[in-house]
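Right, one structure below, let's go through it.
The values are calculated or read from the model by the stated rules, or taken from the named source; none is laboratory data. As the structure is a computational prediction, the values presented were derived from the model and not from experiment. Because the Cβ atoms are built from the backbone with ideal geometry, glycine has one as well, and the counts that use them run over all protein chains shown.
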Protein chains: 6
Amino acid sequence: MDKEIVEFTHFNEAGRSKMVDVSEKKSSERMAVARGAISMKKATLKKIIDGQMKKGDVLGVAQVAGIMGVKRTADLIPMCHNIFISGSDINFQIDEANSRILIEAVVKNTGQTGVEMEALTAVSVAALTIYDMCKAVDKEMTIEAIYLAKKTGGKSGEFINPNHQ
Amino acid sequence: MDKEIVEFTHFNEAGRSKMVDVSEKKSSERMAVARGAISMKKATLKKIIDGQMKKGDVLGVAQVAGIMGVKRTADLIPMCHNIFISGSDINFQIDEANSRILIEAVVKNTGQTGVEMEALTAVSVAALTIYDMCKAVDKEMTIEAIYLAKKTGGKSGEFINPNHQ
Amino acid sequence: MDKEIVEFTHFNEAGRSKMVDVSEKKSSERMAVARGAISMKKATLKKIIDGQMKKGDVLGVAQVAGIMGVKRTADLIPMCHNIFISGSDINFQIDEANSRILIEAVVKNTGQTGVEMEALTAVSVAALTIYDMCKAVDKEMTIEAIYLAKKTGGKSGEFINPNHQ
Amino acid sequence: MDKEIVEFTHFNEAGRSKMVDVSEKKSSERMAVARGAISMKKATLKKIIDGQMKKGDVLGVAQVAGIMGVKRTADLIPMCHNIFISGSDINFQIDEANSRILIEAVVKNTGQTGVEMEALTAVSVAALTIYDMCKAVDKEMTIEAIYLAKKTGGKSGEFINPNHQ
Amino acid sequence: MDKEIVEFTHFNEAGRSKMVDVSEKKSSERMAVARGAISMKKATLKKIIDGQMKKGDVLGVAQVAGIMGVKRTADLIPMCHNIFISGSDINFQIDEANSRILIEAVVKNTGQTGVEMEALTAVSVAALTIYDMCKAVDKEMTIEAIYLAKKTGGKSGEFINPNHQ
Amino acid sequence: MDKEIVEFTHFNEAGRSKMVDVSEKKSSERMAVARGAISMKKATLKKIIDGQMKKGDVLGVAQVAGIMGVKRTADLIPMCHNIFISGSDINFQIDEANSRILIEAVVKNTGQTGVEMEALTAVSVAALTIYDMCKAVDKEMTIEAIYLAKKTGGKSGEFINPNHQ
C-alpha cells in the first residue's frame with residue numbers, strides 16, 4: 001500500500017491535530033451507510049415490540065435522536081468538517097433470535113467531504129437513546145459492533161466493508 | 001420482580017415520550033463507569049501507538065472529545081436530564097493481542113439523576129473520534145460492545161454488570 | 001401597583017441588558033404550564049390523525065422536539081438562566097371543531113428561577129415542528145395564542161392566567 | 001391536487017420520521033417572510049416604547065435573539081436541513097391601537113431547501129425574548145398568530161399567504 | 001509555595017486531560033470579574049459612539065453576545081465544568097484617549113467551582129462581536145490584555161490581580 | 001475614503017442589527033490568519049514545556065478546543081454567517097524571552113463570506129483553554145493582542161495588517 005495514503009491526515013507538522021484542508025477536493029455526491037446493534041434481555045425486547053403496537057414507541061424517539069445526531073456530528077467529533085446534509089434516514093430491524101435490535105443509518109450529501117462520521121454518529125446516538133429509554137428495566141444492554149457498511153462518492157470511490165456483507 | 005418497577009418510565013398516559021419527573025427523588029452522590037472498545041487492523045493500531053510516542057496523538061484528541069461529549073449528553077439524548085457534572089475521566093488501554101483499544105469512562109455527579117448516559121456517551125464519542133482520526137488508513141474499524149460496567153448512588157444503589165466482570 | 005415591582009429587571013444602570021442576579025433568591029419547587037395551538041386546513045388535521053393510527057406520527061416527533069427545546073431555552077433566550085430541569089411533559093389535544101391542535105407543556109424544576117420560559121419554548125418548538133412536518137401539504141397553518149397558563153413556586157407564588165381559564 | 005404531492009414527505013416506509021433527501025433538487029435563490037405578534041397590557045407596551053428612547057431597549061435584545069435563532073433552527077426542528085443562510089433581518093412595528101408588537105422576519109438563502117422554518121423560528125424566538133424581558137411586569141402577554149407570509153424560490157415557486165394580505 | 005498546589009490539576013495518571021473531580025469541594029458563593037479591551041482607529045470609535053446616540057448600537061449587540069457566551073463557556077473550554085450561573089453583567093467604558101473600549105464582565109454563581117472562565121469568555125466574546133460589527137470599516141482592531149481582575153469565594157478565597165489594580 | 005464603504009453594514013434602517021445579505025456576493029476561496037498570545041509567569045511556561053515532553057500536554061488540549069471553536073463561531077457571534085469550513089489549523093510558538101506562548105490560527109473556506117471571525121475565535125478559545133488548564137498554578141496570565149494578521153479572497157481582496165508584519 002502506498003505510504004502517502006496510509007499516513008494519518010489529521011496532524012500538522014508539529015504533531016498536533018488539525019482539520020484537514022479539503023479546499024482542493026472536488027465536490028461530489030456522497031452516501032454512507034453505517035450499521036450497529038443493541039442487544040438486551042428478551043423481556044426488554046418484548047416490551048419495545050409491544051410499545052410499538054400500543055403506547056410508548058421507543059424506536060420512534062431513537063429515530064428522531066439519531067437524525068438530530070447527524071446534524072450534531074461536527075460539534076462532537078473535533079476534526080470533522082461541518083457540512084450540509086442532503087438527507088438522512090434510519091431503519092431498525094428486530095432480531096428476536098439474538099434478542100437485539102439492528103440499526104442502519106443512511107446519510108447523503110454533496111460536497112468535498114463524506115458522511116461516514118455522520119452515519120456512524122446517527123447509529124451511536126440512536127443506540128444510546130434506546131439504552132436511555134429502557135435502562136429503568138434493563139441496565140445490561142450492550143451496544144454492539146458499529147461499523148461503516150458502505151460509502152460511495154469522493155476520490156476514494158465506493159467502499160463496501162468486506163467483513164460485513 | 002415488581003411489575004411497576006419494570007415498566008418504561010419515559011412515556012406519559014397518551015403513550016408519548018416525556019422527561020421523567022425527578023423532583024421527589026433525593027439528591028445523592030453518584031458515579032458511573034462505562035466501557036467499550038474499537039478494533040482495527042494491526043497496522044492501524046501500530047500507527048496509533050507510534051503516534052503517542054512521536055507526532056500525532058490520536059488518543060489525546062479522543063480524550064478531549066469524550067469529555068466534551070459528557071457535557072453534550074442531554075443535548076443528544078432526548079429524554080435525558082441536563083445535569084451538573086462533578087468530574088469526568090477517560091482511560092484507554094491498548095489490547096495488542098486482539099488489535100483493539102479498550103475505552104473506559106468514569107463520570108461523577110451529585111444530584112437526583114445518575115450519569116450512566118454521560119459515561120456511555122463519553123465512550124461512544126471517544127470511539128467515534130478514534131474512527132475519524134484513523135479512517136484515512138482503515139475504514140474497517142469496528143466499535144464494539146459498549147456497556148455500563150458499574151454505577152453507584154441513587155435509589156437503586158450499586159449496579160455491577162454481571163456479564164462483564 | 002408598586003413601582004419597584006413593575007420596572008424591567010433585565011437592564012443595568014447603563015441601560016444595557018443583563019442576566020438578573022438571583023443569588024439572594026431562595027430555592028423552591030416550581031412548575032409552569034404553557035399552552036398554545038396550531039390551526040390548519042381540515043384535510044391537514046385529518047392526515048395527522050390518520051398518521052397516529054397508521055404510519056407517520058407527526059405529534060410523536062413534535063413531542064420529542066418540544067422536550068429537547070426545554071433544554072435549549074437558555075441557549076435561545078439571551079437573558080434566561082441555564083437551569084436543571086426536574087421533569088417535562090407535553091400533551092396534544094385534537095380540536096376538530098376548530099381544525100387545530102392544542103398544545104400544553106408542563107415543566108418542573110427546583111431552584112432560584114422559574115420555568116415559564118422553558119414551558120413557553122416547549123410549546124413554540126412543538127408547534128414549529130408540526131408546521132415543518134406538514135408544510136409540504138399546508139403552508140397556511142397558523143401558530144396561535146401561546147401563553148403562560150399557570151405557574152407555582154418562587155417569591156411571587158401562584159399565577160393563574162385570568163384571560164384563559 | 002395530485003395525491004402524491006399532498007402526502008407527508010417526512011416519513012419513511014416504516015412510518016418513521018426521516019430528513020427528506022433533497023440531493024436531486026436544484027439549488028435556487030430563496031426567501032421567506034414570517035410574521036407574528038405579541039400582545040400585552042398597555043402599560044407594558046408603554047414601558048417598551050419608553051425604553052427604546054431611554055434606557056433598556058427590549059426590542060434590541062429580541063432582534064439579536066431572533067437572528068441567532070435563525071442559525072439554531074436545524075438544531076431545534078428535528079427533520080429540518082442545516083443550511084447556509086445568506087442574510088436575515090427582523091422588523092418590529094408598534095401597534096398601539098391593539099396594544100401589541102408586530103414582528104416580521106425575512107430570511108434568504110441559496111440552496112436546495114427553503115428558509116420558511118428559519119423565518120418562523122426567528123419570529124418565535126424574538127417573541128419569546130420579548131416575553132422574557134417583560135415577564136416581571138406582565139405575565140399575561142400572548143404570542144399571537146405566527147404564520148408564513150410569503151416565500152419565493154424553489155420548485156413550488158412563490159407562495160403568498162391568502163389569509164394574511 | 002507548596003509543590004502539590006502548583007501542579008496542573010487537569011491531567012490524569014496517564015498524562016491525559018480530565019475534568020477535575022470537585023465532588024468533595026464545598027459549595028460557596030463565588031464571583032469573578034474579568035477585564036479586557038479592544039483598540040481601534042479613532043474614526044471607528046467615533047462611529048461606535050455616534051451609533052449609541054442614533055442608529056446602530058454596536059455595544060448593545062456585544063452585550064447580548066457576551067452574556068450568551070457566559071452560558072456557552074463549558075461547551076467551548078474542554079475541561080470546564082458546566083454550571084448554573086446566578087447572574088451576569090457586562091460594562092463598556094469608552095477610553096477616547098487611547099482609542100479603545102474597555103470591557104468588564106462580572107459573573108456570579110453558587111457552587112463547587114468558580115466562574116473565572118465564564119467571565120473571561122464573556123469579555124472575549126464581547127470583544128470578538130465588536131470586531132465583527134466594525135470589521136467592514138476597520139480590520140486593524142486589536143483585542144488587548146484580557147485578564148482576571150478579581151475573584152471571591154471558593155477554597156482559595158479572594159484573588160485580586162496584583163498587576164492590574 | 002469612500003463614505004459608502006465605511007458605514008457599519010450590520011444595521012437595518014430602524015437602526016437594529018441584522019445579518020448582512022450576501023446573496024449577491026461571488027463565492028471565492030478565502031483564507032484568514034489571526035494571531036494572539038498569552039503571557040504568564042516563567043514557572044508556568046516551564047511547566048507547559050515540560051508537560052509537552054512528559055505527561056500533561058496543555059497545548060494539545062488547546063489545539064482541539066481552538067479548532068472546535070472555529071465551528072462554533074456563528075453560534076457565538078450574533079451577526080456572523082454560518083459557513084462551511086474547508087480546513088483549519090493552529091500553531092503555538094514558545095516565546096521564552098517574553099514568557100508567553102504565541103498562537104496562530106489559519107482557517108480556509110470557499111464561499112460568499114470570509115473566515116476572519118473564525119480565525120480570531122480560534123485564537124481566543126485556544127488562549128482561554130490555556131488559561132483554564134493552568135489557572136490552578138497561575139491566575140495572573142494575560143491574553144494579549146489578538147488581531148487579524150492576514151486575509152485573502154473576497155471582494156476586498158488581500159489584507160495584511162500593517163501594524164504587525
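Listing for the model above:
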| read-out | value |
| --- | --- |
| Residue count for the range F:8-18, restricted to those that are at the interface with another protein chain (Cβ under 7 Å from one of its Cβ atoms) and either acidic (Asp, Glu) or in contact with a helix residue (DSSP H, G or I) (Cβ under 6 Å, 6 or more places away or on another chain) (or both) | 3 |
| Test: C:ASP2 is at pLDDT below 95 and more than 25 Å from A:GLY60 (Cβ to Cβ) | yes |
| Qualifying positions in the range F:142-164 - more than 7 Å from chain E (Cβ to nearest Cβ) and in contact with a helix residue (DSSP H, G or I) (Cβ under 7 Å, 6 or more places away or on another chain) | F:LYS151 |
| Pairs with Cβ under 7 Å, 6+ apart, first in the range A:69-93 and over 20 Å from B:ALA126 (Cβ atoms), second acidic (Asp, Glu) and in a loop (DSSP other than H, G, I, E, B) | A:SER86/D:ASP21; A:GLY87/D:ASP21 |
| Residue in the range D:135-165 that is farthest from C:ASP138 (Cα to Cα), counting only those that are assigned to a strand (DSSP E or B) and touching a Phe, Trp or Tyr at 6+ places or on another chain (Cβ under 6 Å) | D:THR142 |
| Residue in the range C:142-164 that is aromatic (Phe, Trp, Tyr) and within 17 Å of D:ASP132 (Cα to Cα) present | yes |
| Hits in the range F:84-120 - residues which are hydrophobic (A, V, I, L, M, F, W, C) and touching a Ser or Thr at 6+ places or on another chain (Cβ under 6 Å) | F:VAL107, F:MET117 |
| Residues of the range D:123-155 satisfying the condition of being within 18 Å of C:ALA122 (Cβ to Cβ) and aliphatic (A, V, I, L, M) | D:VAL123, D:VAL125, D:ALA126, D:ALA127, D:LEU128, D:ILE130, D:MET141, D:ILE143, D:ILE146 |
| Elements of type strands (runs of 3 or more DSSP E) contained in the range E:19-134, each with 2 or more residues being facing chain F (nearest Cβ under 10 Å) and buried (at least 24 other Cβ atoms within 10 Å of the Cβ) | E:28-39 |
| Any chance C:THR129 is in contact with a Pro (Cβ under 7 Å, 6 or more places away or on another chain) and in contact (Cβ under 8 Å) with a residue 24 or more places away in the chain | yes |
